Amino acid sequence: MTLREKTINGVIWNAISNFSVKGIDFIVGIILARLLTPGEFGLIGTITIFLVLSEVFINSGFNQALIRKQDCSQKDYSTAFFFNLSVAIFLFLILLLIAQPISSFFNEPQLKPLIQVLGIGLIISSLTLVQQSILVKRIDFKLQTKINIVSSILSGILGIYMAFTGFGVWSLVTRSLANRGLISFFLWIWNKWKPEWIFSIESFKNLFGFGSKLLVSGLIGTLLNNLNYLVIAKYFSTQQLGYFTRAEMFKKLPSESISSIITTVAYPVLATVQDDRMLLKSYFKKMFLNTFFIIVILMVGLASTAENLILTLIGEQWLPSVIMLQLLCFTGIMVPLNSMNVNILNVVGRSDLYLKSQLIVQLLTIPNVFIGITWGIIPMIIGINLITIIGYVIYNNQSKKIINYPLKEQLFDVFPSVVIALIMGLIVLLVGYFSQLSSFPTLLLQIFSGCLFVILYGELFKVKEYDFIKQTITEKLNVFRINTP
C-alpha cells in the first residue's frame, strides 16, 4: 500500500472513529443533559483540570516521542509503559490526599469523593498509552475505531441507565471510568503487543529528551486552557459552568474531531517526509486547505443554528448556553489550524520552538482570567477568541521557518472558503429568522439550506477542496460497492 493510500485510509478510519465516538458521546451527552442538571455537569467540569493535568504528567510526551522515532524497539516500548504506569499510581495517591483541600476551596463537599473515584481513571489510561502509540505509528486506526465505538456505546448505555435511575452526578463518573476501562481491556486483548520486564535508562533519556519539552508545554497549555473552568466554578457557580461545558460539548464535536483526525494521521505521515521540505510543504498545504474548508463551514453553520439546535436537543433550561456556543465557534475554527502548524514543529523534532511559542500564547490566558472575574463569562470567551488568533500568528511564524508557508499565503489560500462559509451562514440565519415553524423543523430547514448552498457553490465554481472531498468519498463508496457481495 502506497503512502497516499495509507494516508487516505488512515484519515477515513480515524474520521469514522472520531465522528462515531464524538457522535455517540454527543448523543449520550444530550440524553444526560435532559436527565441531569447544569449544576451536576458543573461539578465534573470543576475537577476536569486536575485530571487532565495528571494525564499530561503520565504521558510526559512519550506518546509522540514513540510515534516520531522510526526504529522503536521492545526496550523503548516497555520503558515507556512502566514509566507511565508508575507516574499514574503516584498521581492517583496525590489526588487522594488533595481531594479534601480542593473540595474546601470550591466549597463543594461532593467534590472530594468525585475526585478520589475519578482518579482511578489515571491508572487505567496509563495502561493504554503505548498500545495506542503503536497503532498510530502503523497508521492503523481500524482496530482503534472498533474499540472506541464499542466502548463508547457500552459506557454510554451504563451512564444513561444510572442517570435515569437517580444516581445523579455519579452516572457521569461511572460512564467515564467504564469507557476508559473498556478501551484498555479491548486493546490488551486485540492488540498483540505486551510489555517485557525491561526499563532502559538509555531509552528513557532518548524518549524523555524529546518528550520533556512536550511535557512542559502540555502542562502549561493544559493548566492555562482550563483556568476558565476554575474561574467560572470559583467566582460564579457550578450551574454557569454547566452551561459553559454544554456549549463546549457542541463546539468540540466538529472542531476537536477534525483536529484530532488530521493531526493524528498527519503526524506519522509527515514524519516520513520530514527531510524533504518541499514535499513536506506540499503535503501540509493540501491537508491544511481541505481541513479549513470543512471546519469553517461546519463551525459557521453551527453558530447560525445554535439556538434551534439547543432548544431541539437539550431544552429550554440550557438556553444560556446559546451565546456561549456562538462565540466559541470562532475558537473552533482556529483550533485545527493551530494544531496543524504545531504539528510541523513536532514532526521535525523542534518541540523546543513549540514550547516557546505556546508559553507566550498561554500566558495571555492569565490577564483574560481577570477579565472573566471582573466583567463576566462572555467577555472572557471573547478574550479566548483573541488569544486563539494571536496563537495562530505565532505558531505560523514558527512553522513557516520550516516549510516556508507564511501567514499571508495561508490567509490568501483560505479566503475562498471563508467567503463560502459566510454566505452560507447568512442564508442559514435568514432561514431561521423568517421561519414560522417550531425549533425542530426550522433546524432541519436550516441544515438543508446550508448543505444545498455549499453543494451548488462547489459544483458551480469547481472549488478544489470540495472536489477533493467529493472525489475521496466517491472512491471509497465505489470500493465499498465492489467489495460488497
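The values are calculated or read from the model by the stated rules, or taken from the named source; none is laboratory data. The structure presented is a predicted model; accordingly, all values stated were derived computationally and were not measured. Cβ: placed from backbone, ideal geometry, glycine included. Neighbour counts: every protein chain shown. Note: accessible area is taken over every heavy atom of the protein model, side chains too, but ligands, DNA and RNA are not part of it. Shrake-Rupley method; radii C 1.70, N 1.55, O 1.52, S 1.80 Å.
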From L429, L452, which residue is open to solvent by 70 Å² or more (accessible area, probe 1.4 Å), of a type outside the set (S, T, Y) and either in contact with a helix residue (DSSP H, G or I) (Cβ under 8 Å, 6 or more places away or on another chain) or modelled with pLDDT under 90 (or both)?
-> L429
Residues of the range 164-179 being in a helix (DSSP H, G or I) and either touching an Asp or Glu at 6+ places or on another chain (Cβ under 6 Å) or open to solvent by less than 60 Å² (accessible area, probe 1.4 Å) (or both), which ones?
-> V169, S171, L172, V173, T174, R175, S176, L177, A178, N179
The range 330-417: helices (runs of 4 or more DSSP H) wholly inside it with 2 or more residues that are open to solvent by less than 20 Å² (accessible area, probe 1.4 Å) and of a type in the set (G, A, S) are 351-363, 377-403
On the given criteria, is I232 within 27 Å of L327 (Cα to Cα), modelled with pLDDT under 75 and assigned to a helix (DSSP H, G or I)?
-> no
Counting only residues that are within 27 Å of the chain's Cα centre (by Cα) and among the polar types (S, T, N, Q), the range 432-453 contains a total of 1
Show the residue pairs that are 6+ apart or on different chains and have beta-carbon atoms under 7 Å apart, the first residue being within the range 86-104 and open to solvent by 40 Å² or more (accessible area, probe 1.4 Å), the second being charged (D, E, K, R) and modelled with pLDDT of 90 or more.
-> Q100/K112
Over the range 369-415, the set of residues free of Cβ contacts under 8 Å to residues at least 24 places away in the same chain, farther than 16 Å from M340 by Cβ and within 24 Å of the chain's Cα centre (by Cα) is P379, G383, L386
Across the range 37-76, the tally of residues that are in a loop (DSSP other than H, G, I, E, B), open to solvent by less than 10 Å² (accessible area, probe 1.4 Å) and at pLDDT 80 or above stands at 0
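For every residue, the table says whether it meets (1) crowded, with 23+ Cβ neighbours inside 10 Å; (2) modelled with pLDDT under 90; (3) in contact with a Cys (Cβ under 8 Å, 6 or more places away or on another chain).
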{"residue": "M299", "(1), (2), (3)": "yes, no, yes"}
{"residue": "E307", "(1), (2), (3)": "no, no, no"}
{"residue": "I310", "(1), (2), (3)": "yes, no, no"}
{"residue": "L319", "(1), (2), (3)": "no, no, no"}
Scan the range 150-163 and give yes if some residue there is farther than 19 Å from G121 by Cα and open to solvent by 30 Å² or more (accessible area, probe 1.4 Å), otherwise no.
-> yes
Does I124 qualify as being out of contact with any Gly (no Cβ under 7 Å at 6 or more places or on another chain) and touching a residue at least 12 places away in the same chain (Cβ under 8 Å)?
-> no
Within the range 134-149, can you find the residues that are at pLDDT 80 or above and either open to solvent by less than 10 Å² (accessible area, probe 1.4 Å) or farther than 30 Å from E196 by Cα (or both)?
-> T145, I147
Run V269 past the list (1) modelled with pLDDT under 80; (2) over 30 Å from V431 (Cα atoms); (3) open to solvent by 10 Å² or more (accessible area, probe 1.4 Å) and report the number of the one that doesn't hold.
-> (3)
